[in-house]
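**Q** There's a structure below that I have some questions on.
The values are calculated or read from the model by the stated rules, or taken from the named source; none is laboratory data. Nothing here was measured: the structure is a model prediction, and the numbers come from that model. For neighbour counting, all protein chains shown are included, and Cβ atoms are generated from backbone atoms with ideal geometry for every residue, glycine included.
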Amino acid sequence: MAALEPGEVFPAIALQTESGDRFVAPAAEALYGFFKTTCPTSEYAWPHFDRIRRIGEKGLRTFAVSQDDRGQTREFHRRLGVEFETLYDPAPWQASAALGLTNVPTFFLVAGNGRIRETVVGFQRPRLEGIARRAASLSGRPPVRLFRIGDQIPLIVPG
C-alpha cells in the first residue's frame, strides 16, 4: 500500500504527544512530517520543514512525527537547530502503517475537513515549495522563498 493520496481522508491515527497523551488532531489545516532520526533524507529535509513551520506559524499547525524515542528525537532537533511540536508513533508504528508509509520523510498537508491536500514522499523541492506557499497564504503573508541561495542540495550519483 502506498502513502495516502490527496483527496483521501486522513484517518484518526494513534499518535502520542510529548507528554505521552493521545494526540487529538486540530480542526484546522495542519502539516504532518513523519521521520526517523537515523534517516539522512529526513536530516536534510528538516531545516526546510522548520522554515515551513515558521512561514505558516500564524495559520498552519505543523507537527513533526517521530518514529523514534523521545531522547533520540530531542537530540535530532537540537543538533539541527529546529523546533517542532513533536508527536510520536512508537513501534510497531501503527499510525505510519495506517497511512501507508514506506519511506521517510513523508509529509501530509491535511485540510480542516480532514482530507489530505498534499502528500510528499521523500525530498521533493517543488512540492515542498508549494506547501511553503500554502503556509504563507494561510498566515496572511506574501509568498516566501523556502530555499535560499547557498542551500546545498546533495549530489546523488547512481550506482
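**Q** Are any residues in segment 101-117 basic (Lys, Arg) and more than 21 Å from Pro26 (Cα to Cα), and if so, which ones? First the steps, then the outcome.
**A** Kept after step one, since they are basic (Lys, Arg), are these residues of segment 101-117: 115, 117.
Matches in segment 101-117: none.
**Q** Now for a different question. Which of the numbered conditions does Val120 fail, given that it passes all the others? Conditions: (1) closer than 24 Å to Ala28 by Cβ; (2) modelled with pLDDT of 95 or more; (3) out of contact with any Phe, Trp or Tyr (no Cβ under 8 Å at 6 or more places or on another chain); (4) not hydroxyl-bearing (Ser, Thr, Tyr).
**A** If we test Val120 against (1) closer than 24 Å to Ala28 by Cβ; (2) modelled with pLDDT of 95 or more; (3) out of contact with any Phe, Trp or Tyr (no Cβ under 8 Å at 6 or more places or on another chain); (4) not hydroxyl-bearing (Ser, Thr, Tyr), just (3) comes out false.
**Q** For segment 86-128, what are the residues that are without any contact (Cβ under 8 Å) to a residue 24 or more places away in the chain and touching a Pro at 6+ places or on another chain (Cβ under 9 Å)?
**A** The one that is without any contact (Cβ under 8 Å) to a residue 24 or more places away in the chain and touching a Pro at 6+ places or on another chain (Cβ under 9 Å): Val120.
**Q** Regarding segment 26-40, can at least one residue be identified that is surrounded by 13 or more Cβ atoms within 10 Å (Cβ to Cβ), among the charged types (D, E, K, R), closer than 18 Å to Arg134 by Cα and in contact with an Asp or Glu (Cβ under 8 Å, 6 or more places away or on another chain)?
**A** As a first pass, look at segment 26-40 and keep what is surrounded by 13 or more Cβ atoms within 10 Å (Cβ to Cβ): 29-37, 39.
Pick out the ones that are also among the charged types (D, E, K, R) and you get 29, 36.
With the extra rule that they be closer than 18 Å to Arg134 by Cα, the set shrinks to 29.
With the extra rule that they be in contact with an Asp or Glu (Cβ under 8 Å, 6 or more places away or on another chain), the set shrinks to none.
No.
**Q** Restricting to segment 24-34, name every residue that is over 15 Å from Gln124 (Cβ atoms) and either small (Gly, Ala, Ser) or modelled with pLDDT of 95 or more (or both). Can you show your working first?
**A** Applying the first criterion (over 15 Å from Gln124 (Cβ atoms)) to segment 24-34 yields 24-30, 32.
Residues satisfying the conditions are Ala25, Ala27, Ala28, Glu29, Ala30, Tyr32.
**Q** OK, next. Does Glu83 satisfy the condition of being closer than 22 Å to Phe147 by Cα, over 13 Å from the mean Cα position of the chain (by Cα), at pLDDT below 95 and of a type outside the set (S, T, N, Q)? I'd like the intermediate steps shown before the answer.
**A** Details: closer than 22 Å to Phe147 by Cα: yes; over 13 Å from the mean Cα position of the chain (by Cα): no; at pLDDT below 95: yes; of a type outside the set (S, T, N, Q): yes.
Taking the combined requirement at face value, the residue does not satisfy it.
**Q** Restricting to segment 41-63, what's the tally of residues that are of a type in the set (D, E, K, R) and either buried (at least 20 other Cβ atoms within 10 Å of the Cβ) or part of a helix (DSSP H, G or I) (or both)?
**A** First, the residues of segment 41-63 that are of a type in the set (D, E, K, R): 43, 50-51, 53-54, 57-58, 61.
With the extra rule that they be either buried (at least 20 other Cβ atoms within 10 Å of the Cβ) or part of a helix (DSSP H, G or I) (or both), the set shrinks to 43, 50-51, 53-54.
Number of matching residues: 5.
**Q** Of these, Phe63, Phe49, which one is within 10 Å of the chain's Cα centre (by Cα) and over 16 Å from Asp89 (Cβ atoms)? Working first, answer last.
**A** Values: Phe63 fails: over 16 Å from Asp89 (Cβ atoms).
Every option except Phe49 fails the conditions.
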